1. Just to verify a number: FRET efficiency for residue 142 and residue 258, C-beta to C-beta distance, R0 = 56 Å, to 0.05?
2. What is the gain in length, in nm to one decimal, between residue 442 and residue 390 on full extension, counting 0.36 nm per residue of separation less the C-alpha to C-alpha distance?
3. Which residues does the label zone of residue 458 cover in region 397-421, counting backbone N under 20 Å from a point 7 Å along Cα→Cβ?
4. How far is helix 16-26 tilted off the main Cα axis of the chain, in degrees rounded to 10, range 0 to 90?
5. What is the helix-to-structure angle for 276-289, meaning the angle in degrees between its Cα long axis and the longest Cα principal axis of the chain, kept from 0 to 90 and rounded to the nearest 10?
6. Once label points are set 7 Å from the Cα along Cα→Cβ at both residue 249 and residue 205, what is their separation, rounded to one decimal in nm?
7. Run through region 401-458 and list the trypsin sites (Lys or Arg not before Pro) located in a DSSP loop whose Cβ has at most 13 other Cβ atoms within 10 Å.
8. Spelling out what I want: for every residue of region 162-169, take phi, set θ = phi - 60°, compute 6.51 cos²θ - 1.76 cosθ + 1.60 (Karplus), and round to whole Hz; glycine and proline get x.
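The numbers here are math on the coordinates, done by the rules we state, and not lab data. Predicted model only: the values in this text are computed from it and were never measured. Here the Cβ positions follow ideal geometry from the backbone for every residue, glycine too, while neighbour counts run over all protein chains shown.
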Amino acid sequence: MPFEKNILCIGAGYVGGPTMAMIAAKCPQYKVVVVDINPEKIRAWNNGPLPIYEPGLDEVVNKARNKNLFFSTEIEKGIKEADIIFVSVNTPTKTFGQGAGQAADLQYWEKTARQILAQSDRCKIIVEKSTLPVRTAEAMERILNNNPKGLHFEVLSNPEFLAEGSAIRDLEKPDRVLIGSHETPEGLQARRELVEIYANWVAKEHIIESNIWSAELSKLTANAFLAQRISSINSISALCEKTEADINEVAYAIGTDSRIGPHFLKASVGFGGSCFKKDILNLVYICQSYGLTEVAAYWESVVKINEWQEKRFVQNMLANMFNTVAGKKIALFGFAFKAHTGDTRESAAIYVTRWLADENARIVITDPQALDNAKLDLADIKEKIEFETDPYRAAQGAHAIALLTEWPLYRSLDYARILKTMAQPAFIFDGRNILDHPKLFKMGFNVFAIGKAALKHF
Ligand code: UDX
Ligand code: UDX
């Protein structure tokens, strides 16, 4: 039986792969093809182990792969066959020219749009899945619709809100799906087609429809607001350390105000991930380009506080370890930007490692999922770093442990056993506030957490 719709996704990364797997698993009546320029990645999606670690992803992929879900490098063939094309290629921060360090680098997006145009002989719906600057759809439509073939492409914005580590849950039961389109008859028709796809498993009241610019801007704004909460609580954590207030108590007290709410108030060594910094800097750049200097400065400060928090963590280590870590072994527990992922993009651990390496510390990194990515991130200083899968061995002979990712396993380690193997005095810097600090202190550790008074024996 032929499939009802042919869906293509360009970009088989953290966003494209899981999202398309979910659509295929929920909609057996559609054929879903995911293409990517990277043949290694496609091989991994086809034969495993999957190129990304995401709890529950294997099951979803296995359910649909080679039935109605296909991974391929044949981008041109995929474009030709598709009725709806999701574009989920990466949009990193520009590293060159105008807007370097802030603006989004749209070269892959534009290249993809031109490729779609070249391979199309009928009208198609194009869906922006990547996070893009507001009004990107306008540029894309200019490229797509100025064609001698007389084809019309309707561009929709359908930003992805999944968080890594909980992607499958987020995709299965999203708080909302956001679909933005032009409010023309063609735009509204395309919008209805996309709503129909999600309505296969998402209740209609969770599908939000808007104009296309609102959808584009909402994604940037959602990430900016989430990151802003973390920078806000992290800024207060510094004040707690000076005043003997406890950041967990403060976060709980403010979070019980229903207007504030309890989420995203965990003080930490700093937020990471592929999106927050990139998207905020992108927002900053857009504001500047519209002459909104104050708005730009306001959002930029969210990123600045985060960088300061990461730096503050290392400065605190140095200050408490008698102002020198040169030659001292330091074990880093966790390298992923958060637990339950192997992703290390923009992880605070990268910055912490580099600053400690500049201080000539002997660094040992352990992480249950992220060591391969850590090796790539630190390739230029690899002679200064050891990688170790076993946290007990990582801590052996170390002067300090710095806990950088909130993996639950680090909570259940036998710290009394670890302490015996460490150099004395032994330090723990808990960058995620997940350990039992009074217990560790009683054991003999000097304990430094985020936003709490230090517990030291000297
Ligand atoms: C990325 C961004 O991080 C996110 O902000 C944006 O919303 C979507 O793109 P992610 O899926 O995490 O999300 O990126 P990544 O895992 O790097 O996947 C992008 C994929 O696109 C890569 O596999 C890359 O090989 C592929 N790609 C890139 C193409 O297939 N064609 C290109 O021209 C460029
Ligand atoms: C984020 C958004 O949540 C998601 O909606 C969007 O689609 C992509 O960007 P992600 O980067 O996967 O998702 O992870 P998220 O859970 O938001 O965490 C980002 C960073 O903030 C992590 O480093 C995390 O450890 C940190 N964080 C989060 C805190 O430090 N404190 C908190 O209270 C919450």
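1. Working: r = 45 Å, r/R0 = 0.81.
Given R0 = 56 Å and the Cβ-Cβ separation, E is 0.80.
2. On the way: separation 52, 0.36 × 52 = 18.72 nm, distance 2.46 nm.
That works out to 16.3 nm of additional length.
3. Residues passing the 20 Å test: 397-403, 419-421.
4. Approximately 60 degrees, to the nearest ten.
5. Compared with the principal axis, the helix lies near 60 degrees.
6. With each label placed 7 Å out from Cα toward Cβ, I get 4.0 nm.
7. Details: sites: 411, 417, 420, 432, 439, 442, 452, 456; in loops: 432, 452, 456.
Within region 401-458, the qualifying trypsin sites (Lys or Arg not before Pro) (loop, at most 13 other Cβ atoms within 10 Å) are 456.
8. Using θ = phi - 60°, the values come out as 5, 9, 5, x, 10, 4, 5, 4 Hz.
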